[in-house]
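What follows is one structure encoded as structure tokens, with my remarks underneath.
Please treat every number below as a calculation from the coordinates, not as lab data. Just so it is clear, the model here is predicted, and its values are computed rather than measured. A quick note on method: Cβ atoms are made from the backbone with ideal geometry, for glycine too, and the neighbour counts reach across all protein chains shown.
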Amino acid sequence: MELELVCRDGHRIPVRLNMVGVRDRQGAYQGYWATARDISAEKRLEAQLLQAQKLESLGTLVGGIAHDFNNMLTAILGYAQLLLGQANQEDRFYEHLQQIEVLSQRAADVVQQLLTFSREGTSRQRRLLLHPLLKEIGKLLQRMIPENIEVEMHLAAEDLAIEADPTQLQQVVMNLVVNARDAMPEGGQLRIETARVKLDESFCRAHPNLRPGDYVRLRVSDTGVGIPPDIQRRIFDPFFTTKEAGKGTGLGLPVVYGIVKNHGGAVEVESEVGRGTTIALYFPLVEKPAEVERASSAEVKGGSETILLVEDEPTVLELARAALEHYGYQVLTAQNGVEAIATYRDHGSEIALVILDVVMPKLGGRETFRELQRIDPGVKAILASGYDTSESLVNELLQSGVCGLVRKPYQIQELAQAVRQVLDQSMVEDRKEALTKNKTPHPPHPFFGLI
């Protein structure tokens, strides 16, 4: 049988009790021989397995609804931006439109957070130096943390490199910092520190996805109210929160858990009521030099080319059409893959680019693209997806000839920028081809090139 033993200090230990009866020579019972084995490690592994199963189940659910939610949010966000572009700041409804835009983006963020912690994917990992990122986050903390909280940052002497998505890693740190801040309403100390550590087999047995070796430990500590033991078991459950209604989504720590796990790491929590909480994150150390990220600041430009827009959701179809026409493009529309193929057969010589929804009735986006390639091997296409799209799938699409992918809910500027990037790249490739053949460059035709 299993039961809990209470130590002198009040600490409870789960044990498995085995008992064997002791008989005398005549067969009469004299008593029992009992052994109690500490099964704390087994219980921790069971809890981790249960947590993984819950996240897997939720991931299946979220993946199913994300497409529909993102379609609706694409339309709401896009129409708000179109109206904002036509309105004056003095108009009485201008602030209302801004609120619609902000709240739509928040809703989109919630969907993305659900996808982030509940399944792998959408992570753009690369080698990066951890300390510059933390220093940038430190600047943001000046606006987030009240003056009665002292912030300390203790970074390892050597700059540590990990394989990570910088956006997701920033989200992880910010989530932990916000939780620490909220745990210290009367003030206190917030500490962020890094260290290079070597994890052995004993440590990794408690975290099955880790392997012994060198890791980066990132710890966020506070001197707040602490977390009671009964609540600690639930802090990674989605939508579980101890905050007041309207002050927490219950996704902060589940998102941290999901991101760290998808980065091949682990999370450990130490907390004592009245003394504070320390959350330690472990990431595999990368010895090779980290890449330097270069941000793009290209302006969004329009054009006059003809674009075939294929989308089965009427509201998104009309929104994308209006957005592209706003930027000067000529737009042909189709509501499924079969219509798109028929339209391309009739107007293929005019169409510079095709925008395809990934999931559609009758014929999906990828299948439609393959059919269009049979008609015109040089067809240019961008896929739009409301589902969680893994990096491996994106690479597969690019290798098949797709020029790019936009994720819903997209902003109209993002769509316009993706379109212009493909068309401009096509023009460059067309001119290079003409020069290679020693011919006078003919007017650019956007059926060449890949982004």
For residue 209 and residue 83, calculate 0.36 nm times their separation in residues minus their Cα-Cα distance, and state this gained length in nm to one decimal.
40.5 nm
Checked the range 306-436 with the C-alpha gyration tensor, a ≥ b ≥ c its square-rooted eigenvalues, rounded below a/c of 1.5, otherwise prolate if a/b is larger than b/c and oblate if not; verdict rounded
Quick one: grab the alpha carbon gyration tensor of the range 128-284, order the square roots of its eigenvalues as a ≥ b ≥ c, and give me rounded if a/c is under 1.5, else prolate or oblate depending on whether a/b is larger than b/c.
oblate
Would you order 93, 203 from fewest to most other beta-carbon atoms within 10 Å of each residue's own beta-carbon?
93, 203
Just check the range 305-371 against the gyration tensor rule for me: Cα atoms, a ≥ b ≥ c as the square roots of the eigenvalues, rounded for a/c under 1.5, and otherwise prolate or oblate depending on whether a/b exceeds b/c.
oblate
Considering only Cα-Cα distances, which of the following residue pairs are longer than 23 Å: 43/261; 139/261; 380/408; 362/408?
139/261
